[in-house]
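The values are calculated or read from the model by the stated rules, or taken from the named source; none is laboratory data. Computed from a prediction, not measured in an experiment: that's the story for all the values here. Note that each Cβ is placed from the backbone with ideal geometry, even for glycine, and that neighbours are counted across all protein chains shown. Protein only, heavy atoms only, side chains kept; ligands, DNA and RNA dropped before computing areas. Shrake-Rupley method; radii C 1.70, N 1.55, O 1.52, S 1.80 Å.
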2 protein chains.
Amino acid sequence: MVEPKDRIGNGGQAALVQLQAYLAQLDLPEDGRLPPERELCESLGVSRGDLRKALDVLEKDGHIWRHVGKGTFVGSGPIEETIGISEIARQTNPADVMRARLIIEPEIAREAALHATLADIAAMRQSLVQTREAATWRQYENIDNLLHRQIAQASRNNVLLGLFDVLNAVRRTVVWGRLRSEGARPPADHHSFADHERIVDAIADRDLAGASTAMRLHLQQVGRRLIPLHEAAE
Amino acid sequence: MVEPKDRIGNGGQAALVQLQAYLAQLDLPEDGRLPPERELCESLGVSRGDLRKALDVLEKDGHIWRHVGKGTFVGSGPIEETIGISEIARQTNPADVMRARLIIEPEIAREAALHATLADIAAMRQSLVQTREAATWRQYENIDNLLHRQIAQASRNNVLLGLFDVLNAVRRTVVWGRLRSEGARPPADHHSFADHERIVDAIADRDLAGASTAMRLHLQQVGRRLIPLHEAAE
DNA sequence: ATATCGAACCAATCAGGAAATTGGTTATGG
DNA sequence: CCATAACCAATTTCCTGATTGGTTCGATAT
């Protein structure tokens, strides 16, 4: 008496063996998709019913997942291929974004201090000069964005860089529409100038703790300038 | 004598004023898109040429951005609405993913200790029980995933939750294909059981530093088990 | 001559739908 | 019991037409 959970006929059992052998010798096409059932059952020389029984076993064990219209894939389940930025942005607020920045960016700066190349540092220094030369707030913000991203890039960790890009996109969406006073340009004694230089200097000096601290202090300054705008609106 | 940079006729100058007034009174349709030029120039009563000159000025100042076939939008530039998980995964490796986890998840656990509701903690406790009951590694991993996500959810910061989801999707893509020995189940003395309990206990005790440290130690344990698999393959 | 406006045209993008593909199900026949 | 075929619904693919910012041309006015 076979256990009731995998009541599978002899044909299905044989197909399962063939299928497992096939999967072992197969080089997967990058997305883990395998041929449609109608092709697969023919190339394996088994009936579609038996093939499906074998696939049922593999699916229940979590080795593959299937979806009608899409196909059959190896893996534990359908992973979200894309994340919607606006979807995240819609469910949050500037304070949470700032909190997330305070958590992530100092650590990114620390990694940058450890892994930055000389070319990375040179690029940051150039951005530092450009921020001071910015003629409008808009230009300044663009270069400021670039500088922060250069730091993330210098971490030489593409996962951190990707997370930074997501966070940045969310931030830009959340604060969308907030325009600074037009025509004006950042004052020469804007705190960010000195903040940025401290961060880059620490990275260039390979001062891990200093880079992290400088970034944290910088973001806290930015946060302090951000909150009053909200309180004033109430 | 007008400055040479904005050589714009009188008609264009007038159109610019009208356009700015129009933008000021407009409630933007959620995505910042404004009517096509052919409609806008007619509703403003200016020629399309003048309208385009005015739009050129706004675009150079960074107030709007345009793309043929898409339209004209307010904002500093086209923000990436979606980010591709597999794109990040293709440019990275398990070590970078682990490093990113070590940076982010302890801080998420700290936030969770600060913001978790009693319902959050109860859900975690239930997951703790289920991890011990898991009959296969696959089931265990699913519940383990759920527990870590519950912690991220308990941070009550949807940005952190979104970043966690991105990181998790990348991780699942990067380690794709690595299968544990089948049939086996996690041993009763698996380190993660105690690790998880320490994390949840610290969160329940509102012990911020404890939650962060427990999560960091847990991930370092996981990392130590991960690396040997790579060295053994060489 | 010069400038400006309207119209037409261009290439990139989007919108909609028909046709093909695919996992899931049912019927038929041996 | 099972292999085969036909059918179903979800999804993708492909194509055509419309839309849109960018450009050019000719008429007209100043």
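For this structure, a couple of remarks:
- Options A:Arg125, A:Arg132, A:Arg110; residue that is in contact with a Phe, Trp or Tyr (Cβ under 9 Å, 6 or more places away or on another chain) and open to solvent by 60 Å² or more (accessible area, probe 1.4 Å): A:Arg132
- Comparison of B:Arg156, B:Arg110 shows that the only residue that is part of a loop (DSSP other than H, G, I, E, B) and within 21 Å of the chain's Cα centre (by Cα) is B:Arg156.
- Check on B:Arg101, closer than 29 Å to B:Asn157 by Cα, within 13 Å of another protein chain (Cβ to nearest Cβ), basic (Lys, Arg) and in contact (Cβ under 8 Å) with a residue 12 or more places away in the chain: yes
- Complete set of residues in the range B:58-84 that are within 12 Å of DNA strand D (Cβ to nearest atom) and out of contact with any His (no Cβ under 9 Å at 6 or more places or on another chain): B:Leu58, B:Glu59, B:Lys60, B:Ile64, B:Trp65, B:Arg66, B:His67, B:Val68, B:Gly69, B:Lys70, B:Gly71, B:Thr72
- Considering the conditions (1) without any contact (Cβ under 8 Å) to a residue 12 or more places away in the chain; (2) farther than 23 Å from A:Asn142 by Cα; (3) charged (D, E, K, R), B:Glu81 is excluded by exactly one of them, (2).
- Among residues of the range A:26-53, those that are in contact (Cβ under 8 Å) with a residue 12 or more places away in the chain, within 25 Å of B:Val175 (Cβ to Cβ) and either within 14 Å of DNA strand D (Cβ to nearest atom) or buried (at least 16 other Cβ atoms within 10 Å of the Cβ) (or both), counted: 4
- Residue match in the range B:207-224 (condition: surrounded by fewer than 12 Cβ atoms within 10 Å (Cβ to Cβ), under 17 Å from B:Pro106 (Cβ atoms), within 27 Å of the chain's Cα centre (by Cα) and modelled with pLDDT of 95 or more): yes
- With respect to (1) more than 30 Å from A:Ser86 (Cβ to Cβ); (2) open to solvent by less than 10 Å² (accessible area, probe 1.4 Å); (3) within 12 Å of another protein chain (Cβ to nearest Cβ), the lone exception for B:Trp137 is condition (2).
- Odd one out for B:Ile151, checked against (1) within 18 Å of B:Asp207 (Cβ to Cβ); (2) open to solvent by 30 Å² or more (accessible area, probe 1.4 Å): (2)
- Pairs are defined by a Cβ separation below 7 Å, a sequence spacing of at least 6 or placement on different chains, a first member in the range A:151-164 that is facing chain B (nearest Cβ under 8 Å), and a second member that is charged (D, E, K, R) and open to solvent by less than 10 Å² (accessible area, probe 1.4 Å); the pairs so defined are A:Asn157/A:Glu111; A:Leu160/A:Glu111.
- Residue within the range A:77-91 that is in contact with a Leu (Cβ under 6 Å, 6 or more places away or on another chain), open to solvent by 60 Å² or more (accessible area, probe 1.4 Å) and not acidic (Asp, Glu) present: no
- Single residue of A:Thr82, A:Thr72 found to be among the hydroxyl-bearing types (Ser, Thr, Tyr) and more than 7 Å from every other protein chain (Cβ to nearest Cβ): A:Thr72
- Residue check, B:Asp120 within 14 Å of another protein chain (Cβ to nearest Cβ), part of a helix (DSSP H, G or I), surrounded by 16 or more Cβ atoms within 10 Å (Cβ to Cβ) and more than 15 Å from DNA strand C (Cβ to nearest atom): no
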